[in-house]
Amino acid sequence: MRAWIVGLIAIIAAFGVWPTGQAEAQGRGVVIQNIVVEGTRRIDPQTIGTYLKVRVGDRFDQGKLDDSLKALYASGLFRDVSFRREGGTLVIRIVENPVINRVAFEGNRKLDDGELRGEIDLRPRSVYSRQKIQDAVRKILAAYRARGRFAATVNPKVIARTQNRVDLVFEISEGPKTLVQRVSFIGNRTYSDSTLRESVSTKETALWRLLGSSDVYDPAKLKRDQELLRRFYFERGFAEFRVLSAVAELSPDRQGFFVTFTVSEGPRYRFGKIEVVTELRRVQVNTLRSELKVSSGARFNAEKVQDTVVALTNVAGNHGYAFVRVVPRTRVNRETRTVDVTFTVQEGPKVFVERIEIVGNIRTRDAVIRREILIAEGDAFNTTKIRLSRRRLVNLGFFEKVEISNRVGSAPDQMILTIKVDEKATGELSLGAGFSTQDGPLGTIGMREKNFMGRGQDLSLSFLISFRQTNLNLSFTEPYFLNRNLSAGFDLFRKTSNYSDESNFDTREVGARLRFSYRITEYLKQNWTYALEHKSITNVPATASPFIIREVGSTTTSSVTMGLVHDTRDNRFDPTDGYVISVSNSVAGLGGSERFFQTVAKAGYWYSVSPGWVFNVLGEAGNIFGMGEDVHLQNRFFVGGNNFRGFKFGGIGPRDRLTGDALGANHYWIVTAEMAFPLGLPKEFGINGRVFTDVGSAFGIDVSGPRLMDSSSPRVSVGVGVSWRSPLGPLRFDLGFPIFKQEGDRTQLINFRFGTRF
């Protein structure tokens, strides 16, 4: 009997099969004496060894062998893997995945091959796997859906080649754009569907949106629209407003989406008790209260609360507190429909900027962006400086969109800033055509690059010709000269002007300017300009005013101008809030034939009354006097037309009583009050209405005589207008009605300006 058992054990051992395998897995089995890999063609066996959890000398541990099998499959290199034991040898049998020979796309027109390759991770000479193909299909579909093509389909084909290689071909059916056919709202009582549609970025498809993408369905845009709705209601007093749901349903034919927002408005609230509590010893409560942007009894506005947080943070920062946290705590009183707000100002945690990352800039150099950022690595984290930095980047005009986000860095007190920009075209090669009531028909040819070589430099060459003037100008500006906060540039120009409608003379100017400017503070900038100009008065008929005939000839002006500009506007190109004040003084007499001192001051204030309604007040005034000589004709101020609607260019000011020739003025002032408002048209039309009033005067001249008409009395005009930010250029149409004018003034009902680019 014993001999039979021994023989059975010997037979089992010879075939390497043990019924007690589980015991071996626990360490009581055979030791691995050798590892053999079979089936390799491309992959080195040593590479396979790096994925194994067992080595020669280890025991056959079933748990480690299972982990090794999983690691080899997870590598993506193998289509099949199996283990077996032959005595003390571990035999690994593999079947390698093929290598990708070529990746091709068929049927794609809206996305080219380069864009699609950028979306997927498959490249020639990389290893093929079914999982990678599935991931690639998913990413291609996501790329098409991001462009509004939800009907797109992708069919991957694998074509076997020799030497274990495959070609991948993605057959794509792009389908039409999946547009938004309807945007509707449920639960809104105060505001109509049409009003709410204007507040969100998702638009219903319409004929005029053929050139845009606002009517293309985008899930990310739908999330943003929920925040836009909250902001819309919170700015109008609805403190308990909620978006209950935002649903996009695809039509059965997959050609369009029906978007439905379900909202709960709640009642409208006003501000109740407003309090400020400070834990900062060096800042008094009264100092903080003076910066409040909210007041008891006013309609609740969440945006004003946030503005107050920023203002209080700034005050604390000015008193030396780099780390400040302003917490607005609100308490809703449903009985009185008021919201009490307590602003608690306290020292916040010390957080520093660990790193600043810039993404999205393909052409613009990092240095151009970084020099506009008011915070650097290692500085204290400051939300106010970050907000101002974003505004500076927007005002560059290089980017369609600027987003600044932050995340925790390597430690809780370290923050990483990410600045994401979306570049737009900054180069222009343009032909222009247009018409204005001041200059008549006009045409332009121009080349301009506002971000030359990605360095932020501005280079332009332009030629303008119109009924009134011709102008050839070459300009260059380096915004950070010698890598300092110093903008430097030059202008070369040649200009001729025809004043036959206002007076009987023409002018010709040839000259050059050197310009320098630098920031004194974030909002205050100083400018210096040196100009050398040669001016001539020509084409004066014998019937012209004697005041003009005596001016015939040429002069040379060598002048230096110093200017200061204080600008707090939220956007230089389309302001809705803030103000700008500028003053410049010019002295001529550093060489040349002209001797005068000139001052021009301008100011503007913009205030957003409500979304879309912007009130602004503009004012300007100028004065010039000769130093030891009279001020000549070509240096005087001509007022009217674009800067004083209701009157022609040169329509007010000193004038020859007999010939009617405008003579220009040594002094002038103009004040304009204007309200811009929407006309109920879709926002993307860019059409706004205006009502305005202009008040001003132009007077004073160094000559006298019975033929001279000169009155300093104010002139007043009122009017209405329409402005359109058209795809072909800006258009302004104004009707100005003079209600106070003086003898000899030249009026003009219509003022029309239109510039076209194509």
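The values are calculated or read from the model by the stated rules, or taken from the named source; none is laboratory data. Being a predicted model, the structure only gives us computed values, none of them experimental. No Cβ is skipped: glycine too gets one built from the backbone with ideal geometry, and neighbour counts run over all protein chains shown. Accessible surface is based on the protein model in full, side chains and every heavy atom, while ligands, DNA and RNA are left aside. Shrake-Rupley method; radii C 1.70, N 1.55, O 1.52, S 1.80 Å.
Points to keep in mind about this one:
- Rel. contact order, % - alpha carbon contacts under 8 angstrom, at least six apart, the chain: 5 percent
- Debye intensity ratio in log₁₀ form over the Cα atoms of segment 498-589, taken at each q of 0.17 Å⁻¹: -0.84
- Potential lengthening of the chain between Leu564 and Thr330 amounts to 80.0 nm, from the contour at 0.36 nm per residue minus the alpha-carbon distance.
- Between segment 443-467 and segment 574-635, the alpha-carbon center distance in angstrom: 25 Å
- Once the Cα atoms are used to define both axes, helix 219-234 deviates from the longest principal axis of the chain by about 50 degrees.
- Segment 138-205 and segment 255-314 have Cα centres lying 38 Å from one another.
- Residues whose amide H lies under 5 Å from that of Val37, counting only those 5 or more places away or on a different chain, are Ile92; hydrogens are built 1.01 Å from N in the peptide plane.
- Residues whose amide H lies under 5 Å from that of Asn97, counting only those 5 or more places away or on a different chain, are Phe78, Arg79; hydrogens are built 1.01 Å from N in the peptide plane.
- Helix 2-14 vs. the chain, principal-axis angle (Cα, 0 to 90°, nearest 10): 30 degrees
- Lysines with Cα under 21 Å of Lys401, excluding same-chain neighbours fewer than 8 positions away: Lys203, Lys221, Lys223, Lys385, Lys420, Lys424, Lys450, Lys683
- Computed from phi, the 3J(HN,Hα) profile of segment 283-298 under the Karplus parametrisation 6.51, -1.76, 1.60 (θ = phi - 60°) reads 10, 7, 4, 4, 5, 6, 4, 5, 9, 5, 9, 10, 8, 4, x, 6 Hz, with x in place of Gly and Pro.
- Treating r as the C-beta distance of Arg392 and Lys424 and R0 as 22 Å, the FRET efficiency rounds to 0.85.
- By the Cα gyration tensor, segment 119-188 has an equivalent ellipsoid whose semi-axes, rounded to whole angstrom, run 36, 12, 8 from largest to smallest.
- Between Arg355 and Phe752, the simple label model (points 7 Å from Cα in the Cβ direction) yields a spacing of 5.9 nm.
- Cα-only Debye scattering, segment 585-679: base-10 log of I(q)/I(0) at q = 0.16, 0.24, 0.25 Å⁻¹: -0.79, -1.20, -1.24
- Within straight-line reach of Lys602, meaning a Cα separation under 23 Å, sit the following lysines at least 8 residues removed in sequence or on another chain: Lys525, Lys648.
- Restricting segment 486-559 to chymotrypsin sites (Phe, Trp or Tyr not before Pro) that sit in a DSSP loop and have at most 16 other Cβ atoms within 10 Å of their own Cβ leaves Tyr523.
- In terms of accessible area, using a 1.4 Å probe and ignoring ligands and nucleic acids, Lys139, Lys420 rank largest first as Lys420, Lys139.
- Segment 68-75 - phi-based ³J(HN,Hα) in whole Hz, Karplus 6.51/-1.76/1.60, Gly and Pro as x: 5, 4, 5, 5, 5, 5, 5, 5
- Per residue, the average separation of C-alpha pairs within less than 8 Å and at least 6 apart gives segment 48-177 a relative contact order of 22 percent.
- Ranked packing of 645-653, 162-170, most packed first, by mean Cβ within 10 Å: 645-653, 162-170
- Residues Ile465 and Val510, FRET efficiency given R0 of 22 Å [Cβ-Cβ distance, rounded to 0.05]: 0.85
- Cross-link partners of Lys304 among aspartates and glutamates, defined as those whose alpha carbon lies under 20 angstrom from its own and excluding same-chain residues fewer than eight positions apart: Glu227, Glu235, Glu240, Glu265, Glu275, Glu291, Asp340, Asp570, Asp577.
- Backbone geometry of segment 734-747 corresponds, through the Karplus equation with coefficients 6.51, -1.76 and 1.60 at θ = phi - 60°, to 3J(HN,Hα) couplings of 10, 10, x, 10, x, 10, 9, 9, 10, 4, x, 5, 9, 9 Hz, x marking Gly and Pro.
- In nm, spacing of pseudo-spin labels at Ile739 and Phe481 (7 Å Cα→C-beta vector): 4.8 nm
- Overall form of segment 521-670 per C-alpha gyration tensor (a/c, 1.5; a/b vs b/c): oblate
- Kirkwood-Stokes translational diffusion coefficient of segment 217-338, alpha-carbon pairs, 25 °C, 0.890 mPa s, µm²/s: 144 µm²/s
- Simple spin-label estimate for Ser192 and Asp135 gives 5.2 nm between the two label positions (7 Å along the Cα-to-Cβ direction from each Cα).
- Applying both filters, DSSP loop and at most 16 other Cβ atoms within 10 Å, to the GluC sites (Glu not before Pro) of segment 467-547 gives Glu522.
- Kirkwood hydrodynamic radius over Cα pairs of segment 29-131, then Stokes diffusion coefficient at 10 °C and 1.306 mPa s, in µm²/s: 100 µm²/s
- If R0 equals 51 Å, the separation of the Cβ atoms of Arg448 and Thr50 corresponds to a calculated FRET efficiency of about 0.30.
- Packing around the peptides 96-104, 703-711, 665-673, taken as the average count of other Cβ atoms within 10 Å per residue, puts them in this order, highest first: 665-673, 96-104, 703-711.
- Summarising the strand pairing of the chain, around 85 percent of its internal DSSP beta bridges are antiparallel.
- Label-reachable residues, segment 661-693, where backbone N falls under 19 Å from a point 7 Å from Val617's Cα toward its Cβ: 669-677, 691-693
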